[in-house]
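All remarks here apply to the structure that follows.
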Amino acid sequence: MNFDRKELSNVQLLDLYKKLLKPRLIEEKMLILLRQGKVSKWFSGIGQEAISVGITAALDKDEYILPMHRNLGVFTGRDIPLQRLFSQWQGKKTGFTKGRDRSFHFGTQEFNIIGMISHLGPQLGVADGIALANKLKKNGKVTAVFTGEGATSEGDFHEALNIASVWDLPVLFVIENNGYGLSTPTNEQYRCENLADKGIGYGMESHILDGNNILEVYSKIAELKASLAENPRPVLLEFKTFRMRGHEEASGTKYVPQELMDMWAIKDPISNYKEYLQRISVLSDEEDAKITKAIKKEIDEHWAITQAEPDITASLEEELGDVYKPYDFEEVNHSDKVENIRVVDAISNALRQSMERHDNLVIMGQDIAEYGGAFKITDGFVDQFGKERVRNTPICESAVVSAGMGLSINGHKAVVEMQFADFVSTGFNPIVNLLAKQHYRWNEKADVVVRMPCGGGTQAGPFHSQTNEAWFTKTPGLKVVYPAFPYDAKGLLNTAINDPNPVMFFEHKQLYRSVYQDVPSDYYTIPFGKAALLKEGTQVTIISFGAGVHWALETLNKHPEISADLLDLRTLQPLDTDAIFASVKKTNKVIILQEDTLFGGVASDISAMIMEQCFEHLDGPVRRVGSLESAIPFVKALEDQYLPKERFENHLLELLAY
């Protein structure tokens, strides 16, 4: 192995050796403990340490790194106290996730490290968002994100690289090519000769490096860091390396030919570098023994601290309290000045006034810049706020949602527009597995609003008409908002943007230009979790949201003899159960109307809650009304049959007659 020290001093050379040796000695300790049954699982990075150590050493401590579970050298390279790492692995309270996640599935703002989720790909998009925030701040900082050769097959990899290239983001995309994705060799994963070649398709600079040569890694990263500060751009780096142990210890390495193991053993990054330092008289055997002894002593002392810590005691209040980041609702009252506007105008006004109020707010979506979006909601925004903050995106919902998470991590707010709510399916993973779990897992906010133009009645067919709120009300950690009127749409969207938690904001397309209301001209907010009582009566409680509210109003106007409470839920998560139960206990009958298909929808859970909490007050069965159990069709006659608007009247009259 050829080492080139360039301008590095003896002190720097020795420091890199210490940084290399530390994660190796920790791993050796963990493998012993694993055999003793004192550690439950271990993902080894033995043989790959030079990549983590070299990159971390070359970057500033305030530059974000997004590692994976084989990158112990990133964590030790940032000088995280070993006791905290050990406590994380052992599920102790002083770890980074309070026992809620394992291994390196965590992040820490204190050390500017953002850990992985098991789905791997989304962290690449998160790096895009972090880098975008750096670029907006003009701070010259670089972001490094790790992935393995196996994960380069994921769609998120391609989406993230494309966004970074189009937006000239200062990201180092680090591929640790160790030859196997668990047991699948590279020749069964991709056909290009080198993964670095994939950079060509994105117009991206790329390099192939010896991942076992610490000096090559460190020098190249230091060189690129200086270059990217002057000329922000993404760089794809393929590090050729090998892991000397299994994907995790239980899987072993029997699938690896022995000659391959022998070849890479000769290329061990630590033993080769040690020999080099000894050859140039930078490291003596005595000094090496001294360094090794000191690291082992530190490991043993910190392991003893972790072992002395008590096991976690479950606290129901703490567990539920950490699902969302605490948010003190900021009530902003409005003046008496109003204008008669549509839902679409109210949403546009909220976005505009929020952009004025939060100079760290970035809006992202397809065609939202000069074109103004599919529904012209952001028309004129580029002229006022510029393309840096109003960003057209490629068609890649997953990476854009992940980039919103990255913006949040690096001090920004993000609004992501789905062109149609149906398209959120391609961004589903980072919403439910990343944004929703972030605060619960490691106490990090996800300050992202996902706007969801949804709903039927416009003959847009199966791919542009769904109202899919139930995909998200099931997921703890998300807030779900669904207004039916311009006044609510504006105030609730302002609140959604203020709230540091992830919010799914549903906007019914049919209501965009059909519903008018006097709406305050200035900025105001409306609290989540407060239903609106639109009509008061004694015979029946009608519960709905979105377009269903207007269908219920039409039905009641057609039947003035019906005395009904009409509750517009406005937010589905949190849900105003107090208002629901109070009304049901008063009227003793209840019907729930939703536009979504019936099975598994919001109405089902509300019905179950009412049966559990108000059973003795009911004078009839809880009725649910929803759309047919099919995809939503295109032709008007079929769509009218699909939607529950006409059926609602019959169900309501039947319930009243019960």
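When averaged across all projection directions, what area in nm² does the alpha-carbon convex hull of the range 486-552 cover?
On the way: hull surface 22.2 nm².
Mean orientational projected area (the range 486-552, Cα hull): 5.6 nm².
Subtract the Cα-Cα distance of residue 4 and residue 370 from 0.36 nm times their separation in residues, and report this length gain in nm to one decimal. Before the final figure, lay out the partial values.
On the way: separation 366, 0.36 × 366 = 131.76 nm, distance 5.05 nm.
Gain on extension, residue 4 to residue 370, equals 126.7 nm.
Going by average Cβ neighbours within 10 Å, how do the peptides 621-629, 489-497 rank, with the highest at the top?
Numbers: 621-629: 19.2, 489-497: 26.9.
So the peptides 621-629, 489-497, ranked by packing, come out 489-497, 621-629.
Can you give the % of DSSP beta bridges in the range 119-200 that are antiparallel, to the nearest 5?
Values: 2 of 8 bridges.
Once the DSSP bridges in the range 119-200 are tallied, antiparallel ones form about 25 percent.
Just from its helices, what would the mean residue ellipticity at 222 nm be for the chain, if runs of 4 or more DSSP H residues each count -39500 (n - 2.57) and the sum is divided by every residue, rounded to the nearest 500 deg cm²/dmol? Walk me through the intermediate numbers first.
Details: 23 runs with 259 residues, N = 658.
Helices in the chain give a 222 nm mean residue ellipticity of -12000 deg cm²/dmol.
What does DSSP give for the range 28-179 in terms of the percent of beta bridges that are antiparallel, rounded to the nearest 5? Mind dumping the intermediate values first?
Values: 2 of 11 bridges.
If we restrict to bridges inside the range 28-179, about 20 percent are antiparallel.
Past the 25 Å Cα-Cα mark, which pairs from 93/325; 530/585; 38/240; 92/225? Can you show the working numbers first?
Details: 93/325 19 Å; 530/585 18 Å; 38/240 33 Å; 92/225 36 Å.
Too far apart for the 25 Å limit: 38/240; 92/225.
Across the range 1-138, how large is the tail of the calculated P(r) beyond 21 Å, expressed as a percent of all Cα pairs?
On the way: 4343 of 9453 pairs.
Percentage above 21 Å: 46.
For a test of the definition: using alpha carbon positions, the gyration tensor, and the 1.5 limit on a/c, classify the range 313-388 as rounded, prolate or oblate. Could the numbers behind the result be given before it?
Working: a/c = 2.67, a/b = 1.73, b/c = 1.54.
Prolate is the answer for the range 313-388, as a/c is 1.5 or above and a/b outweighs b/c.
Between residue 304 and residue 193, what is 0.36 nm times their sequence separation minus the Cα-Cα distance? Round to one decimal in nm. All intermediate terms of the calculation are to be shown ahead of the outcome.
On the way: separation 111, 0.36 × 111 = 39.96 nm, distance 4.73 nm.
The span from residue 304 to residue 193 would gain 35.2 nm if fully extended.
If amide hydrogens are placed 1.01 Å from N in the peptide plane, which non-local residues have theirs closer than 5 Å to the one on residue 535?
Result for residue 535 returns 566.
Go through 165, 68, 152 and say which Cα lies farthest out towards the positive end of the charge dipole of the range 67-168; charges sit on Cβ, +1 for Lys and Arg, -1 for Asp and Glu.
68
Any idea how far apart residue 577 and residue 40 come out in nm if each label point goes 7 Å out from Cα toward Cβ?
2.9
Placing +1 at every Lys and Arg Cβ and -1 at every Asp and Glu Cβ, with all other atoms neutral, what dipole size does the range 186-319 have around its Cα centre, in debye to the nearest 20?
Numbers: 16 positive and 27 negative charges, 133 e Å.
Its charge dipole is roughly 640 debye.
With the Cα gyration tensor of the range 364-440 in hand, give its eigenvalues times 5 under a square root as the equivalent ellipsoid semi-axes, listed largest first in whole angstrom.
Values: eigenvalues 101, 47, 14 Å².
After diagonalising the Cα gyration tensor, the semi-axes are 23, 15, 8 Å.
Quick check: convex hull of the Cα atoms in the chain, volume per residue, rounded to a whole Å³?
Details: hull volume 112.8 nm³, N = 658.
Given the Cα convex hull of the chain, per-residue volume reads 171 Å³.
Residue by residue through the range 437-450, which ³J(HN,Hα) values in whole Hz follow from phi under the Karplus form 6.51 cos²θ - 1.76 cosθ + 1.60 (θ = phi - 60°), with glycine and proline marked x?
Rounded to whole hertz, the list is 9, 4, 5, 4, 6, 9, 6, 10, 5, 10, 7, 9, 10, 10.
Sticking with the crude label model, points 7 Å out along Cα→Cβ, report the distance from residue 284 to residue 474 in nm, one decimal please.
Calculated label separation equals 6.7 nm.
Just going by the charge dipole of the chain, with Lys and Arg at +1 and Asp and Glu at -1 on Cβ, which of 492, 276, 465 is farthest out on the positive end?
276
Please report, in debye to the nearest 20, how large the charge dipole of the chain is about its Cα centre when each Lys and Arg carries +1 at its beta carbon and each Asp and Glu carries -1 there. It would help to have the intermediate numbers written out before the result.
Working: 70 positive and 90 negative charges, 219 e Å.
For the chain, the charge dipole is close to 1060 debye.
Nearest 10 degrees, 0 to 90: what angle lies between the long axis of helix 547-558 and the longest principal axis of the chain (Cα atoms)?
10
May I ask you to list the residues of the range 641-656 whose amide nitrogen lies under 17 Å from a point 7 Å from Cα along the Cα→beta-carbon direction of residue 561?
649-656
From the cross-link list 437/474; 135/479; 6/267; 19/61, which pairs have alpha carbons spaced over 18 Å apart? Kindly include the intermediate steps, with their values, before the conclusion.
Working: 437/474 13 Å; 135/479 29 Å; 6/267 21 Å; 19/61 15 Å.
The pairs that break the limit, which is 18 Å between Cα atoms, are 135/479; 6/267.
Share of the chain's accessible area from carbon and sulfur, percent, 1.4 Å? Don't jump to the answer; show the numbers that get you there.
On the way: 12990 of 25750 Å².
That fraction is 50 percent.
Note the angle between two axes, namely the Cα long axis of helix 155-166 and the longest principal axis of the Cα atoms of the chain, as a number of degrees from 0 to 90, rounded to the nearest 10.
Long axis of 155-166 versus the principal axis of the chain: about 90 degrees.
Which whole-Hz ³J(HN,Hα) couplings does the range 135-149 yield from phi under the Karplus relation 6.51 cos²θ - 1.76 cosθ + 1.60, θ = phi - 60°, glycine and proline marked x?
5, 5, 7, 6, 9, x, 7, 10, 10, 10, 10, 9, 8, x, 5
Give me the Kirkwood hydrodynamic radius of the range 396-490 in Å, from all C-alpha pairs, to one decimal place? Mind showing how you got there, number by number?
Details: mean 1/r = 0.0712 Å⁻¹.
Evaluated on the range 396-490, it is 14.1 Å.
Can you give me the Cα centroid spacing of the range 595-621 and the range 475-504 in angstrom?
Centre-to-centre (Cα) distance: 24 Å.
Given R₀ = 22 Å, what would the calculated FRET efficiency be for residue 611 paired with residue 654, taking r from the Cβ atoms and rounding to 0.05? All intermediate terms of the calculation are to be shown ahead of the outcome.
On the way: r = 19 Å, r/R0 = 0.85.
With R0 = 22 Å, the Cβ-Cβ based efficiency is 0.75.
What figure in square angstrom, to the nearest 10, would you give for the accessible area of residue 654 with a 1.4 Å probe?
It works out to around 100 Å².
Name the shape class, rounded, prolate or oblate, that the alpha-carbon gyration tensor gives for the range 127-226, where a ≥ b ≥ c are the square roots of its eigenvalues, rounded holds for a/c under 1.5, and otherwise prolate holds if a/b is larger than b/c and oblate otherwise.
Details: a/c = 2.12, a/b = 1.40, b/c = 1.51.
Because a/c hits 1.5 or more and a/b fails to exceed b/c, the range 127-226 counts as oblate.
Stretched out fully, how many nm does the piece from residue 536 to residue 585 gain, at 0.36 nm a residue minus the Cα gap?
Details: separation 49, 0.36 × 49 = 17.64 nm, distance 1.33 nm.
16.3 nm is the gain from fully extending residue 536 to residue 585.
Which lysines does residue 645 reach when only Cα atoms under 20 Å apart count, and residues fewer than 8 places away in its own chain are ignored?
509, 535, 558, 589, 636
For the chain, give the share of DSSP beta bridges that are antiparallel, in percent and rounded to the nearest 5; count only bridges with both residues there. If you can, show how the numbers build up before the last one.
Working: 14 of 68 bridges.
Antiparallel bridges make up about 20 percent of those DSSP assigns within the chain.
When ranked by the protection proxy of mean other Cβ atoms within 10 Å per residue, highest first, what sequence do the peptides 474-485, 219-230 form? Before the final figure, lay out each step's value.
Values: 474-485: 23.2, 219-230: 17.2.
By packing density, highest mean first, the sequence is 474-485, 219-230.
Which value, in debye to the nearest 20, describes the size of the charge dipole of the range 433-484 about its Cα centre when Lys and Arg Cβ atoms bear +1, Asp and Glu Cβ atoms bear -1, and nothing else is charged?
Working: 6 positive and 3 negative charges, 29 e Å.
Value, rounded to 20: 140 debye.
³J(HN,Hα) across the range 368-376 via Karplus (A = 6.51, B = -1.76, C = 1.60, θ = phi - 60°), whole Hz, x for Gly/Pro?
8, 7, 4, 5, x, x, 4, 10, 6
The values are calculated or read from the model by the stated rules, or taken from the named source; none is laboratory data. Just so it is clear, the model here is predicted, and its values are computed rather than measured. Neighbour counts are summed over all protein chains in view; Cβ atoms, including those assigned to glycine, are modelled from backbone coordinates with ideal geometry. With ligands, DNA and RNA removed, areas are computed over all heavy atoms of the protein, side chains included. Shrake-Rupley method; radii C 1.70, N 1.55, O 1.52, S 1.80 Å.
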